[in-house]
Structure formats: structure tokens, C-alpha cells
1. So B:GLY53 passes all but one of these: (1) touching an Asp or Glu at 6+ places or on another chain (Cβ under 7 Å); (2) facing another protein chain (nearest Cβ under 10 Å); (3) over 30 Å from B:ASP113 (Cα atoms). Which condition number does it fail?
2. Of all helices (runs of 4 or more DSSP H) completely enclosed by region A:1-119, which ones contain at least 1 residues that are outside the structural domain of A:GLY173 (by TED's automatic domain parsing) and touching a helix residue (DSSP H, G or I) at 6+ places or on another chain (Cβ under 7 Å)?
3. Considering every residue within region B:149-163, establish whether at least one is among the basic types (Lys, Arg), crowded, with 17+ Cβ neighbours inside 10 Å and in contact (Cβ under 8 Å) with a residue 12 or more places away in the chain.
4. Would you check if B:THR156 is polar (S, T, N, Q) and farther than 19 Å from B:ASN195 by Cα?
5. Looking for whichever is small (Gly, Ala, Ser), surrounded by 21 or more Cβ atoms within 10 Å (Cβ to Cβ) and over 15 Å from the mean Cα position of the chain (by Cα) here; the options are B:ALA111, B:ALA42, B:ALA35. Which one fits?
6. Say we look at region B:167-218 and pick out the residues that are farther than 22 Å from A:LYS15 by Cβ and buried (at least 21 other Cβ atoms within 10 Å of the Cβ); which of these is farthest from the other protein chains (Cβ to nearest Cβ)?
7. Please state which of the following conditions A:VAL29 fails to meet, knowing it meets all the rest: (1) more than 9 Å from every other protein chain (Cβ to nearest Cβ); (2) of a type in the set (A, V, I, L, M); (3) in contact with a strand residue (DSSP E or B) (Cβ under 7 Å, 6 or more places away or on another chain); (4) touching a residue at least 40 places away in the same chain (Cβ under 8 Å).
8. So which of B:ASP123, B:ASP115 is more than 14 Å from chain A (Cβ to nearest Cβ), closer than 24 Å to B:GLU199 by Cβ and out of contact with any Pro (no Cβ under 9 Å at 6 or more places or on another chain)?
Protein chains: 2
Amino acid sequence: MKTNKLCIIRLSKYKNALYRLKSLGFVRVFSDNLADAVEATASQVRKDFSIFGISGNKRGGYKIDELIEKLNIILGKDELQKVIIVGLGKLGTALSRYTGFEKEEIKIVAAFDIDSTKFNQTDIKMIKLNEKTPVLALEYLPEFVRKNNIKIGIITVPDIAAQQVVDIMLSSGIKGILNFAPIRLRGNDDCIINNVNLEGELENLIYFVNASTKTKGK
Amino acid sequence: MKTNKLCIIRLSKYKNALYRLKSLGFVRVFSDNLADAVEATASQVRKDFSIFGISGNKRGGYKIDELIEKLNIILGKDELQKVIIVGLGKLGTALSRYTGFEKEEIKIVAAFDIDSTKFNQTDIKMIKLNEKTPVLALEYLPEFVRKNNIKIGIITVPDIAAQQVVDIMLSSGIKGILNFAPIRLRGNDDCIINNVNLEGELENLIYFVNASTKTKGK
């Protein structure tokens, strides 16, 4: 599982690197090029590809267009991925408006909160998925998720509310959760949870910067 | 370095778990409790603490208040950490307004962009650091960073602009960078770079959700 996750993360990175190479006019790429781009070894690149039946050849390498197409299929980018978000604080609001996901075929189709001043939709029947992100009461989440066959949820609620939201998501059929609440949430056999801790990332940087600029005691 | 980074990430997690325990009325904590909270082993917890000279005792465990205080000092939270951000697209704007950092003693003191329609300050001399986040032309970054002794920067520019921003930050004296651009940036001996790839995290979830809900080919 651990290895698999890292492998899939590398596939995402290969894909991004390939788009950049393509935009620079390149047509072919070698495993060494991709290794440089994602800080892996060339043999790791070939191994990752071989898991998914992708092979190049020593002379010609890989054709960038073909490789992008194959990676997109593996990464589920051949179809639009519908995602919901729970918790419309600052970060949740920002992510629900963030258009960077759309070029990756990821669309946040609805947002949920418990604060009624944030709702712009009071009736779940009124929602059309091609309009701007509707904000709904959290109680509508199970119905919305089932009706629209949503599998992925983002959590941006305070830490004390996070586990409750996970429970609601799990019982509604959500299979993958990206958690921004500053608490480590655990998945189970039915659901994978990836935790992103922005404050933690900054704290980490601050520690190493402080450690390098002044001598710390133990 | 790798181990150290993971150790510091765990310290952040211990600290968050301790605040939660404290808010529930707990006074003491044992390494087993903390191990559960951050998915480590109890011996790992004790080892992490012993690196920084923190010891508990078998009977009484650790006093939560004391432990929080020690961890905050190690993590540099005994003083306000000033951070700048470059790139005021959707994500950058969101992060520059995100108040979640402030409870962690992290403050985004200025934002920089190259789009003049986004500036709300045209003169670097006018800036007072206790007002709301000023937005400045990127060309003022070096002067601002030096004058205010800023060591940490956040990058939220498009991938093609990211390396250029890194170069400007490095030459201005920035020592730690949190990068949200979808390209892997490398640090050097003078500067540590942590990469956060939001699209990549979602892609990763989508892959595993798809793999578990339908049988994928190889």
C-alpha cells in the first residue's frame, strides 16, 4: 500500500513533467529525463511504467503524447471526477473556488457546511451540477452523494468536527477523503484518507530554518 | 535529514494532539496515548522526545502543559514567524487570507505578484507590518525580505514561473520555501523546500478509489 501510494504520486509527477516537456516542443522522452524531473532513478521510472504495462525502447524512449494518454487513463483523468467539500471556512471557501483542479478534470460539485448563513441552496432538488458550486446544509450530504455517485470528499472543518464528518462521508459511500483538518484521520478497508497539514508543513520549515540560522539547544 | 524531517512532523502532530487532550481536561499523557494519536509506536514517541532532552516517567507520564511548552519552543512557536507569499491567484489569495496559521504564530506579512491590478501598495516604505496583508510588486521582494528579516516564503505561482521565484527568494535570503506550484522544486544547502501538490493528492485518491470500485486493467 505504501509503495503503491508513492508509485501513484510519481505517476502524477511524470504526467506533469511530460506536459511541461510537451509545451517546450519535445516529442520523445527517456526514463533518465523523467528521473531527473521527479528525483527518482531511471530504473524506478521504468519499473513504475512496467507495473502498468507501459514500455519504451532504448533507442527511441517513450513518445510523450502516448505516455500522457496512458498516464491519464491510469490516473482516472479520462473522465471528470466529481468531488465534494465539507467546511466553508477560509480554506474550504478558497479550495471550492480554486480553478486549478479543473485542468486536471477534477470538479468540486458541491460544498457543505452547518452554518446556515453560508447556504446558497436550500433545496437539494434545485441543484444542477453544471452551475457554480452550490452550498448546502450538511444534512443533505448523504442524499447528494448517493444521487450523484460521488466517491471523493475534501474535509476543511475544524479538528473537533473532522471525525464526525468522516463518519457521515463513510456511511454515505465516499471512498476517498483528502483531509485538511489539523488532525490525523484514519481510513479503513472501504475508504482511503490522505492527510494534508498546511500548518504542519510550515512548522516543519520554520524548525529547520531556525535550526540552520541559530544554534538550538537540545 | 529524511529522518529529522519526519521527526519534526511528528512533533507537530504530538503538539496538536496535546492541545486536544488539554481541551478535554487531561493533565497527564503517556507515550502510548501519543503513539495512538499520531500512528507511531510508544518507543518512537520516547525516542523523538529524548532527542530534544524531554523525558517523562513511567508512572506519571508527561505533564501536558510542560510538554506543550517545550514542543512550542522546539518548533519556534515562542515567537511570531513572519512569512511572505508570492503569486496571488486563487490559491495564493486564499492562503494569504487564511487565518488558520495565526493560531500557530505564523503570519503572512506580505504578498507579491507581477500583476499590477492586484497591488494595494505601490510604495514599500508605506508598509506597516501590523496592518492587513499588503500586496506588492514582485520587484520589491528582495528589499522587503531583507528589511523585515523574513526567512520563509510560500510559492503559489504557475509551474513555469516557480523556478524564477525560487531564485529571487534565494538571492534575497529566504531559507525555507513551501511550494504549491505543481512542479517539484529543489532546495540547496542554504534553503529547504517542502512541496505540497494538491492536485497530486487528489489524483492519488482518485486512482485508489477507482481501483477499488472497478477492476482496473494493468
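1. That leaves (1) as the condition not met.
2. By residue number, A:2-23, A:31-38, A:42-51, A:64-74.
3. Yes, that holds for at least one residue.
4. no
5. Of B:ALA111, B:ALA42, B:ALA35, the one residue that is small (Gly, Ala, Ser), surrounded by 21 or more Cβ atoms within 10 Å (Cβ to Cβ) and over 15 Å from the mean Cα position of the chain (by Cα) is B:ALA111.
6. The extreme case among them is B:MET169.
7. Evaluating A:VAL29 over (1) more than 9 Å from every other protein chain (Cβ to nearest Cβ); (2) of a type in the set (A, V, I, L, M); (3) in contact with a strand residue (DSSP E or B) (Cβ under 7 Å, 6 or more places away or on another chain); (4) touching a residue at least 40 places away in the same chain (Cβ under 8 Å) leaves (4) as the failure.
8. That would be B:ASP115, the only listed residue that is more than 14 Å from chain A (Cβ to nearest Cβ), closer than 24 Å to B:GLU199 by Cβ and out of contact with any Pro (no Cβ under 9 Å at 6 or more places or on another chain).
The values are calculated or read from the model by the stated rules, or taken from the named source; none is laboratory data. In this text, all values refer to a predicted model and were calculated from it rather than measured experimentally. Neighbour counts run over all protein chains shown; Cβ positions are idealised from the backbone, glycine included.
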